[in-house]
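Before any comments, here is the structure.
FYI, it's all coordinate maths here, none of it is from the lab. Everything quoted here is computed from the prediction, not taken from an experiment. Cβ atoms come from the backbone with ideal geometry, glycine included; neighbour counts cover every protein chain shown.
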Amino acid sequence: MTRPTDLPDVIPVFPLPGALLLPRSRLPLHLFEPRYLAMLDDALKTDHRLIGMVQPQQIPGRSDRPLHLIGCAGRVTQMSETEDGRYMITLTGISRFRIRQEIEGFPPYRRCEVSWTGFEADRGATEEDTNFDRPRFLALLDRYFLARELSADWDTLKEAEDELLINSLAMLLDFDPEDKQALLEAPSLSTRRETLVTLMEYALRGGGEDVMQ
């Protein structure tokens, strides 16, 4: 378990629309812009190696892209460099956080003062979804994949633990950034699964299919 005292008050943040990181999950990223290469370089110089993933708000008519207040910090756990100077990294989700304020300063990337309070469960044991009806959920997922012409390793999905299954789908499925934010802010695994079901049903309804009754 990561203790709050081990987490910094200020972290670099990567505002990438649609990219969702959740606690105990892994997110691969491709970094090539100079400001984010500088962000990675600075993060690797720290003991915690944390980078915060945050959704920028989608506000018509605004170019300054304010950030949503809740994000998730991940530790750089894998890294490889390409021949042309780009980096492929993997972030492992540590904990969600709430932004207190954005820090102005010299670095070319964005930094925020954050609070880790209220997200203690993120730093604990794997969550379980006690009311999870897996066959019903997988039946809906099958219909969603067919509608989107997506393929899946169904044997792996059927055997995956509740948290791994729900969080992986929340991160991988192509939902709008605001929907990704709703999945991030879900207070428990059960509510995240309920949100995921609602989003898939809504997408199927928009496609002209009947939803689960």
message: Please arrange W154, W116 by how many other C-beta atoms lie within 10 Å of their C-beta, fewest to most.
response: W154, W116
query: Once phi is turned into θ = phi - 60°, what whole-Hz ³J(HN,Hα) does the Karplus curve with 6.51, -1.76 and 1.60 give for every residue of the stretch 122-135, x standing for Gly and Pro?
result: 4, 9, x, 6, 4, 7, 10, 10, 5, 9, 6, 8, 4, x
- request: Note down the relative contact order for the chain as a percent, whole number, built from C-alpha pairs under 8 angstrom at least six residues apart.
  value: 23
- request: Give the long-range amide H neighbours of R24: residues separated by 5 or more places, or on another chain, with amide H under 5 Å away, using H modelled in the peptide plane at 1.01 Å from N.
  value: G93, I94
statement: Whole-Hz Karplus couplings 3J(HN,Hα) for the stretch 144-161, θ = phi - 60° and coefficients 6.51, -1.76, 1.60, Gly and Pro as x, run 5, 5, 4, 5, 9, 6, 9, 10, 8, 8, 5, 4, 5, 4, 5, 8, 5, 5
field: Neighbourhood charge, 10 Å Cβ-Cβ cut-off, centred on Y87 and excluding it, Lys, Arg +1 and Asp, Glu -1
entry: -1
field: Sorted by Cβ neighbour density within 10 Å, fewest at the top, the residues K158, K180
entry: K158, K180
message: Suppose each label sits 7 Å from its Cα in the direction of the beta carbon; what would the T156-F132 distance come out to in nanometres?
response: 1.6
task: State, to one decimal in nm², a quarter of the convex hull surface area for the C-alpha atoms of the chain, i.e. the direction-averaged projected area.
output: 13.7
task: Translational diffusion coefficient, Stokes-Einstein: compute it for the stretch 4-122 using the Kirkwood radius over C-alpha pairs as Rh, at 37 °C and 0.692 mPa s, and state it as an integer in µm² s⁻¹.
output: 225
- request: Amide H neighbours of M53 under 5 Å, at least 5 residues apart or on other chains, H built in the peptide plane: list them.
  value: F14, C72, A73, G74
field: Helix-only CD estimate at 222 nm, as mean residue ellipticity for the chain, using -39500 (n - 2.57) per DSSP H run (n ≥ 4)
entry: -10000 deg cm²/dmol
message: Within a 10 angstrom radius of the beta carbon, how do I166, I89 rank from fewest other beta carbons to most?
response: I89, I166
